[in-house]
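The values are calculated or read from the model by the stated rules, or taken from the named source; none is laboratory data. Model, not experiment: these values are computed from the prediction. Positions of Cβ are backbone-derived with ideal geometry, glycine not excepted, and every protein chain shown enters the neighbour counts.
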Amino acid sequence: MAEPSVIETLPARMHREEPPVESLWRLTWRRFLRHRVALVGLAVLLVLLVGSLLAPWIVPYDPNAIDLRARYQPPSWSHPMGTDDLGRDMLSRVLYGGRISLSIGVLSALVSVLVGTLLGALAGFFGRVVDGVIMRFTDLMLTFPPLLLLILLASLFGTSFLTIVLVISAVSWMNVARLVRASFLSLKEQDFVEAARALGAGPLRVMVRHILPNALSPIIVAATLGAAAAILTESTLSYLGLGIQPPTSSWGTMLQTAQSQISTAPWMSLFPGLMIFITVLSINFVGDGLRDALDPRKIV
């Protein structure tokens, strides 16, 4: 039997279907799924978020209900995390406190990323005078000790939920601004930006539609890690008495209340501290996974 000629095999090769091009976000998700530690962190975070959101329906007791006959009870079947100095159930307070701590962490990270992205984008895109003014102000903010600035702002503006979010955001946007500025300085010299300008795109369109999507990778990682830092910052403020005020519970407030009973009722500080540790560690794991998944230098 005669072998097929080269000419006869060319149409088959020419009509061979190419594999579909995988989208950036699908590729990122596939890379993230390979990061087992990040997946464990994500699962833990989801459990904490669901538990905190559903706290009104799953807690065994009212978190603010005082029962002086049940003071300082160690962990048991009726009180899995024990009770505090006023007989309040620790499990209920931990779940309700998670709603406050996690909300402050997420909202503070979002606000700081928005402010940092806006200022960094303006500095990196326009350069010269705009860059000089914004970055000198950023450097000035970085010279203040963060804890001292937090205490000053919290003392001046109060300790409401919204105020704490804004105070934490006010001391955490600077690194995001510098990161975004560096990305914009690099990207604005690329050929696709020059092509967009040649087609008549204005500065705002170039920034939002062409440069910003290509700078999202470091921004997403910064937002993830910023949430962990914000939770620690809120806990520090509450521990110092400048955060959420009793009887509303947050993990930092519970630690502040438990410091005088750490030797007689160690569970009062153990469980809130453990929740802070687990949450921050899980967020850091997720941040590491996102950093690896969004890194263009990684092998597909």
Determine if the stretch 103-115 includes at least one residue that is surrounded by fewer than 20 Cβ atoms within 10 Å (Cβ to Cβ) and not aliphatic (A, V, I, L, M).
yes
So THR163, is it surrounded by fewer than 18 Cβ atoms within 10 Å (Cβ to Cβ), under 22 Å from ALA230 (Cβ atoms), out of contact with any helix residue (DSSP H, G or I) (no Cβ under 9 Å at 6 or more places or on another chain) and not aromatic (Phe, Trp, Tyr)
no
Find all pairs meeting these conditions: Cβ atoms under 7 angstrom apart; at least six residues apart or on different chains; first residue within the stretch 221-241 and crowded, with 20+ Cβ neighbours inside 10 Å; second residue aliphatic (A, V, I, L, M) and outside any helix (DSSP H, G or I).
SER238/ILE244
Note down all Cβ pairs under 8 Å where the first residue falls in the stretch 189-200 and is under 16 Å from LEU212 (Cβ atoms) and surrounded by 12 or more Cβ atoms within 10 Å (Cβ to Cβ), the second is modelled with pLDDT of 80 or more and among the basic types (Lys, Arg), and they're at least six residues apart or on different chains.
ALA196/ARG205; ALA196/ARG209
Could you tell me how many of the residues in the stretch 150-209 are under 30 Å from LEU242 (Cβ atoms), over 20 Å from the mean Cα position of the chain (by Cα) and either among the β-branched types (Val, Ile, Thr) or assigned to a loop (DSSP other than H, G, I, E, B) (or both)?
4
Taking the stretch 61-76, which residues are surrounded by 14 or more Cβ atoms within 10 Å (Cβ to Cβ), out of contact with any Gly (no Cβ under 7 Å at 6 or more places or on another chain) and among the polar types (S, T, N, Q)?
ASN64
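Yes/no matrix, rows are residues, columns are (1) modelled with pLDDT under 80; (2) under 27 Å from LEU107 (Cβ atoms):
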| position | (1), (2) |
| --- | --- |
| ALA201 | yes, no |
| VAL206 | no, no |
| ALA228 | no, yes |
| GLY252 | no, yes |
